[in-house]
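Report on the following structure.
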Amino acid sequence: GLGNAKALSPAVTLQFRFLIDAVDPHTTYRAAFRFNGDDRTIRPVTYVPGQTHVLQVPSAYVNDDGKLFVELMNIHEPGPNDFGNGAINFEPRGLELLYKVGNFEPNFVRAVLQTWIKLCFLAALGVACATFLNFPVACLMSFTIFLGAVMTPYLAGSLWIYAPSAYVPLDTSSLGGMVSWAFDRTIQGISNLIVFVLSWYGEYQARDDLVEGRYISWTSILGALIRIGVIWSGISLLLGYFVLRQRQLAIYSGSS
């Protein structure tokens, strides 16, 4: 997908953040990158584990199909008493190719639009809660749903750590094991339900993308408008409308 890189930028940025077994900020390691299998493009780098580094790569390396083949070579040489140290691994966003596609101002406008759409849902949710709850409870419920929606990306990530307990077979020979299994499955079920219901809200993180200098596309704005601005806000307002229709309002006659 780097077909536009040649026309938009003279160079692409290779951003990497490597991890090893023992992350020591005072220790450096060496690696090298080779592009498109050409030894003439080998670029050695010195990196600190756990820190983000960048390497400028000429966009001319991108072939006509918009592809750039990147090879990572670990050239660290451990000492005789340090065998096996320095094995490279990285997280999903630990190795990326970035290039400039726009300026800050339009990206900021798109971030504001996306934030406004999310605020529209909170306003609709507050109106819906106010139709059947008093003011403090309506505020508490709105804030609770808001916090749950914001936390869904982190909750989804934590479920990967919590999930292995769900694969443990039920031990019927021990009461403690049965209680622990039932507790784990209940917590996981509730968390999965929250992630499933509120994941849309947490997917749109315009603030993080803006701070990291990542492009906020109009497609994401349209998706937020349809999912959050229309579907979620519409359901909230319809719920408040149906609840309010069932309420019996007292009519003041004017006489004591």
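The values are calculated or read from the model by the stated rules, or taken from the named source; none is laboratory data. A quick note: this is a predicted structure, and the numbers were derived from the prediction, not measured. Cβ sites come from the backbone with ideal geometry, for glycine too, and all protein chains shown count toward neighbours. The area values use the complete protein model at the heavy-atom level, side chains included, leaving out ligands, DNA and RNA. Shrake-Rupley method; radii C 1.70, N 1.55, O 1.52, S 1.80 Å.
Of everything in region 186-207, what is touching a helix residue (DSSP H, G or I) at 6+ places or on another chain (Cβ under 6 Å) and open to solvent by 40 Å² or more (accessible area, probe 1.4 Å)? Give them in sequence order.
Hits for region 186-207 are Ile194, Trp200.
In region 109-164, which residues are crowded, with 18+ Cβ neighbours inside 10 Å and of a type in the set (S, T, N, Q)?
Gln114, Ser142, Thr152
In region 1-78, which strands (runs of 3 or more DSSP E) lie fully inside it and hold 3 or more residues that are on the phi < 0 side of the Ramachandran plot and open to solvent by less than 50 Å² (accessible area, probe 1.4 Å)?
Of the strands (runs of 3 or more DSSP E) lying wholly inside region 1-78, those with at least 3 residues that are on the phi < 0 side of the Ramachandran plot and open to solvent by less than 50 Å² (accessible area, probe 1.4 Å) span 11-16, 29-35, 38-47, 53-58.
Counting only residues that are polar (S, T, N, Q) and more than 18 Å from Glu105 (Cβ to Cβ), which one in region 204-242 is modelled with the lowest pLDDT?
The selected residue is Gln205.
Determine if region 49-58 includes at least one residue that is small (Gly, Ala, Ser) and in contact (Cβ under 8 Å) with a residue 24 or more places away in the chain.
Scanning region 49-58 turns up at least one residue that is small (Gly, Ala, Ser) and in contact (Cβ under 8 Å) with a residue 24 or more places away in the chain.
For residues that are among the aromatic types (Phe, Trp, Tyr) and under 19 Å from Val150 (Cα atoms), scanning just region 101-132, find the one that is modelled with the lowest pLDDT.
Phe121
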